Structures are given as C-alpha cells and as structure tokens.
1. Can you figure out the FRET efficiency of residue 81 with residue 32, using R₀ = 30 Å and their beta-carbon distance, to the nearest 0.05?
2. May I ask for the angle, rounded to the nearest 10°, between helix 13-38 and the longest principal axis of the chain, with both axes built from Cα atoms and the value confined to 0 to 90°?
3. Quick one: what does P(r) look like for the chain with 10 Å bins over all Cα pairs, in whole %?
4. Need one number: nm distance between label points at residue 302 and residue 139, each 7 Å from Cα along Cα→Cβ, rounded to one decimal.
5. With label points built 7 Å along Cα→Cβ from the Cα atoms of residue 182 and residue 71, find their separation and express it in nm.
6. Can you tell which of 122, 232, 241 shows the greatest fluctuation in a Gaussian network model of the chain with Cα springs below 10 Å?
7. Stokes-Einstein at 37 °C, 0.692 mPa s, Kirkwood radius from Cα pairs: D for the range 51-192 in µm² s⁻¹?
8. 222 nm [θ] for the chain, helices only, -39500 (n - 2.57) per DSSP H run of 4+, per residue, to 500?
Ligand SMILES: [Zn+2]
C-alpha cells in the first residue's frame, strides 16, 4: 500500500497568495473583456470599471438634451490636478483609437500658443462619423462641421486629425464657440494661462460623439476669471442622428435608405470628375487618374468639378 499519510489538504500561505493573484487576474481579464465587447477598452476605462479611478464622464449623469446646448457638471468645478496649475505652456492630443476616434485634448492656453496666422483649409480631414449632408433648417446648410476640440483661436492647431471631430453646426456654434470666445477674450486681455481640456464622449462603438466635456480654469487668479465644467450636446434641433454611423434624417421623418456609393473617375490634375464610361475618363494620364467610390457631394466639397460631357 502507499506510504503516503492521509491528511486534510491545507493551503500554504504561498498557495493562498497565488490563488488570490489568479482570482484578481480573472477579475481584471473579465472586466477588460467586457469593455472590449463594448468597444471601449482603454486603460482609463479599465481603471474606472475596477473602481481605481473616477470616471471622466458617465453618460448616466448627463440628462437628455432638453433645448439648451449644454449642462453644467459638478457645480461647474473642473477636475484638474493641482500639479497641472502651471505657467508652462503645453498641448497634448490623444492617439486616435482603433475606430479612428479622437480622445482627450488638453492644453494650457496662453498667448504663446495662440495662432498668429489665419486658418487654413481642413477639408481633407475626415473625422470618425463624417458625413457630408445638408438641411435647409441648419444654419449654413451643412449638418456637420469639422469641429476643433481645442478651438483654432486658442491653440492654432488646424488640420490636426487628433483635434477634429464630427460635430453638428449647433454644437460647434451654439455650444462650444461661446466658451472658446470667453477663454480667448480672457487670455488676450490678461495674458494669463487657462487650463483647457476637451473630452469627446463616444458611447460604445459609436463613430459620432454624443457630446464633449469642456473644462477650463484660469491659473494666475485660481479660477477667478475662468472656471467651468460643462457637457455640450452633439445634437441638431430638428434632425435625428444615428450616433453609431453619423447618418441623419429630418426629425419625425423616415430613416433614408443608405445611398449606394457611386463610382467616378477623377483627374487629380484638372480636378474634374467623370463617370467611368466617359470618353474623357479614358484619356486621363495614368499619374493623374484616380478611381473613386463614394458621394458626389464629397467630391464637390474637395473642389472637384463635374465633367461637362458625361455630366456625372
Ligand atoms: Zn466625363
């Protein structure tokens, strides 16, 4: 028979520690997998889910849009670390995530980083959820603007794709611009510094942000001049928006069929576009010829003109 003595299985201290660590690893892995499935796995979100960090914006705290372009958060008190209260200018932008979406943009706004040149063209940047659509009820017709997270007048970042999101005209002009102008005016007048942070809020895997959180705090006078913490809605009155894709339609109307992508041939030199079977398309030099599939509107927006023969 076996010479082993029969005894109660007992866990040594080492084994207890190993089991505890394994249990923790499982909890972290399960939480991470959950976030991954929701499409929002980032270190920050993981720390928030594990209770190790305060959430920046929780949509549960945001009331539904009810006619005002923004709501005040946390009694209008921003959430900056005291060590950030510096006179050192800085600007940081987040890497785009795996869906091509922007993250937090954070800067210490001061005269040094303000632009000295007029703004250039940003039409080549296509932020996540971008659609070229027009409505008569929208000021300027276009529903969406390429919306700077940190306004151009504050940091001079123009065609930086880490600083541009798809934003409604309403959010851009009624929501963000008054705050940008307030900070701009204050810095121009006082020469002081303003901590300024913009957090675009994407729910799940949505390509279009539901809104942006905007926080600002003037450094020299400790918030006497500028101090706010608001959430601005990425909505457009009269228009229904699908935040997953950026598609839109008139409120109360039917959701349109997704328009089929049309094929065109571009001459990148003459900036003309043709239908693929146009005789003019066949004579384009190879180095100037480009196949394109998409919306006609987008080509026009990029400065292309329709060929007079095939009239695409
Ligand atoms: Zn043609």
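Coordinate-derived values only; no laboratory data. As the structure is a prediction and not an experimental result, all values here were calculated from the model. Virtual Cβ from ideal backbone geometry, glycine too; neighbours counted across all protein chains shown.
1. On the way: r = 26 Å, r/R0 = 0.85.
That pair, residue 81 with residue 32, gives E of 0.70.
2. Tilt relative to the chain: about 20 degrees.
3. 5, 21, 26, 21, 13, 7, 3, 2, 1, 0
4. Taking the simple label geometry, residue 302 and residue 139 are separated by 3.0 nm.
5. 1.8 nm
6. Taking springs between Cα atoms under 10 Å, the residue moving most is 122.
7. Numbers: Rh = 17.0 Å.
So the translational diffusion coefficient is about 193 µm²/s.
8. Working: 6 runs with 61 residues, N = 312.
Roughly -6000 deg cm²/dmol at 222 nm, from the helical runs in the chain.
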